[in-house]
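Let me begin by presenting the structure, written as structure tokens, before commenting on it.
The values are calculated or read from the model by the stated rules, or taken from the named source; none is laboratory data. Keep in mind that what you see is a predicted model, and the values were worked out from it rather than measured. Quick reminder, even Gly has a Cβ in these numbers, built from the backbone with ideal geometry, and neighbours come from all protein chains shown. Side chains included, ligands, DNA and RNA excluded: accessible areas come from the protein's heavy atoms. Shrake-Rupley method; radii C 1.70, N 1.55, O 1.52, S 1.80 Å.
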Amino acid sequence: MDPPQHAVAKADEALLAELGYKQEFKRAFTPLEVFGIAFSIIGLLPSIASVLFYAVPNGGPASMVWGWAVASLFILSIGMSMAELGSAAPTSGGLYFWTHSLSSPRCRNLLAWIVGYSNTIGTIASVASIDWGCAVQVMAAVSIGSGQTFTATSAQTFGVYVAIVLSHAVICCLGTAVLARLQTVYVVLNVCLCFAVIVGLPAATPKANMNTASYALGNFTNLNGWPDGYAFILSFLAPSWTIGSFDSSVHISEESSNAATAVPWAIVSAIGIAGILGWAINVSLAFCMGTDINSLLNSPVGQPMAQIFFNSFGQNGTLALWSFVVLVQYMMGSSMVLASSRQTFAFARDGALPFSSYLYRMNSFTKTPVNTVWFVAVISIVLGMLSFAGPQAINAVFSLSVTALYIAYAIPTIARFVFTNNFKPGPFSLGIFSLPVAIISVSYMFIINIVFFFPTTPQTDVANMNYTVVVLGGILFLSILWYYCPVYGGVHWFTGPVSNLEKVSENGSIQESAEKKAHGSIREVAVGAW
Ligand SMILES: *[C@@H]1O[C@H](CO)[C@@H](O)[C@H](O)[C@H]1NC(C)=O
């Protein structure tokens, strides 16, 4: 290690010690790789493919283009508020750690508990929804390969889904260095795919299928039956799901070098780039998708984007391009399992999950938290079983990942301003714009959460009901019940993030010396190194 890198590593370790934790992970991620994690989890093109079924019936081209544009500005405000917090306290517990340190002592334990649970459920639901999207894409490829004679059943898609989740668990046990190196490959492939669609799709689309500008940018086709304005807001699920889980960068704070600067910039630039490229992709799709929206939604391929590709590129071209879509989606799933297992690990470190002492265990051979990786995999498979409840039920897994994460994102953002605390901004700070940006971001998250607790169509029955509210409400209810449980409940022992430095040294000598080092010049070192 050369001297400047060494200084950065020391500063990272000192800042972590100041926050109360000892260095347990290897700092294997460079700033570009931290960005890579956030960007590869956004996984732009494959993600847009996964949730296109949501924007298309709720407004068609206008919602794809303008819904994306409006929502991504709101999402950027969420990211900026989070980046400020991440810069001030880069620890892998992230949201939940911030909530605890920024809230009033009277309610900080309960709020941290709720945030920790929402964040854990949200990241696991992200794993489930990404891998489900991947399974659907694999089945779309089979359908296209068979000349559209094959249509997957729920059981077949679920089988592929389970195989994908299990393979991700194996990959995430192998060690962080391998995964870190792979991030750069993800980013490059991701961007190539985006340009293939932005440039290649319009070039390949037959004249008959090309739409006029007034159709692509102005036609509003509302098929699900909600009033138009409400349908437009429903289409926000697509960008909100796609540009989501950017707290993943925060969860690897303890594995990244120069975290106080690298983490916030990774969040903001990943959202910014995804917003712009994603908009361009949606515009390209809106121009090239033809006007028969019903046939896209009801095609035997089962995947509207695959059907658009098929109409433009033909069978072989689509299979070639689609295999990259599946590959990038698959990579995105492995990054998400990684981030989710780290969040679970951090929460178990503080004893809040059932079986925490079993989950908070670092495998000495791989130096990764193997037990939490398998915990995430098993819960994801259970969530995937919702697919058997009906064709709409799996939507709940998609909206669950958005709503649960928004609860976890909103609480620390609010806590920072409503409680008296000594929040010290890190190197990334919005200055006087902090409060206005936070108000915009929290309002957006509030509205989205209300919207996603309603069914996707006004005709509610068992198949169309919204399971988001059942699953999220159920888990949060149980977690609060457990918190207040007599004798065993968290209210009796949960004190938020537990410093593991004290565990090392009974007399606190490590803590003290680390603090002395930290107060010297940590901020300067962090800024200078960037
Ligand atoms: C949108 O396009 C469809 C199909 O061409 C057409 O039937 C509908 O009237 C259009 N709607 C608007 C608002 O232009």
> Taking a probe of 1.4 Å, how large is the accessible area per residue of the chain, in Å²?
Replying inline: 37
>> Just want the answer: with Cβ charges of +1 for Lys and Arg and -1 for Asp and Glu, which residue in Y230, V373, Y330 is farthest toward the dipole's positive end in the chain?
In response: V373
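At 25 °C and 0.890 mPa s, grab the translational diffusion coefficient of region 88-136 from Stokes-Einstein with a Kirkwood Rh over Cα pairs, rounded to a whole number in µm² per second.
Details: Rh = 12.0 Å.
Translational diffusion coefficient: 204 µm²/s.
Restricting things to Cα coordinates, could you compute the convex hull volume per residue of region 345-453 in Å³? Walk me through the numbers on the way to the answer.
Values: hull volume 18.5 nm³, N = 109.
Cα convex hull per residue, to the nearest whole number: 170 Å³.
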>> Give me the extension gain from S429 to V382: residue separation times 0.36 nm, minus the current Cα-Cα distance, reported in nm with one decimal.
In response: 12.9 nm
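Calculate the all-directions average of the projected area of region 295-358's alpha-carbon convex hull, and give it in nm².
Numbers: hull surface 25.5 nm².
Projected area, direction-averaged: 6.4 nm².
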>> If you average the C-alpha positions of region 358-399 and of region 224-301 separately, how far apart do those two centres end up, in angstrom?
In response: 22
> So what are the three principal axis dimensions of region 40-160 from its Cα atoms, in whole Å, longest to shortest?
Replying inline: 62, 35, 23
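For region 116-187, what % of the accessible area comes from carbon and sulfur atoms, probe 1.4 Å?
On region 116-187, the fraction of accessible area on carbon and sulfur atoms equals 77 percent.
Would you work out what percent of the accessible area of region 353-429, with all protein chains in place, is carbon or sulfur (probe 1.4 Å)? Don't skip to the answer; put the middle values down first.
On the way: 2260 of 3350 Å².
C and S atoms contribute 68 percent here.
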> If you find the alpha carbon centre of region 60-119 and of region 9-26, how far apart are they in angstrom?
Replying inline: 23
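Using a simple charge model, +1 on the beta-carbon of Lys and Arg, -1 on the beta-carbon of Asp and Glu, nothing else, what dipole does region 200-351 show about its Cα centre, in debye to the nearest 20? Show your work: numbers first, answer last.
On the way: 3 positive and 6 negative charges, 53 e Å.
About 260 debye.
Out of all Cα-Cα pairs in region 155-218, roughly what percent, to the nearest whole number, are more than 20 Å apart?
The calculated P(r) of region 155-218 puts 61 percent of pairs beyond 20 Å.
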> How much accessible surface area, in Å² rounded to 10, belongs to the heavy atoms of M139 with a 1.4 Å probe?
Replying inline: 20
>> Using the Cα centre of the chain as the reference point, and only Cβ charges (+1 on K/R, -1 on D/E), how large is the resulting charge dipole? Debye, rounded to the nearest 20.
In response: 240
> Modelled label-to-label distance, N421 and L478, 7 Å Cα→beta-carbon offset: nm?
Replying inline: 2.9
> region 115-223: D in µm²/s via Stokes-Einstein (Kirkwood Rh, Cα pairs, 4 °C, 1.567 mPa s)?
Replying inline: 73
> Nearest 10 degrees, 0 to 90: what angle lies between the long axis of helix 31-42 and the longest principal axis of the chain (Cα atoms)?
Replying inline: 40
>> How high is the relative contact order of the chain? Use alpha-carbon pairs under 8 Å, at least six apart in sequence, and give a whole percent.
In response: 34
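Assuming 0.692 mPa s and 37 °C, estimate D for region 248-314 with Stokes-Einstein, Rh taken as the Kirkwood radius over Cα pairs, in µm²/s. Provide the component values of the computation, followed by the final result.
On the way: Rh = 14.7 Å.
Estimated via Stokes-Einstein, D reaches 223 µm²/s.
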> How big is Rg to Rh over the chain, alpha-carbon atoms, Rh as the Kirkwood inverse-mean-distance radius?
Replying inline: 0.97
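At a 10 angstrom cut-off on C-beta neighbours, averaged per residue, how do the peptides 30-41, 100-111 rank from highest to lowest?
Ranking, from highest mean packing down: 30-41, 100-111.
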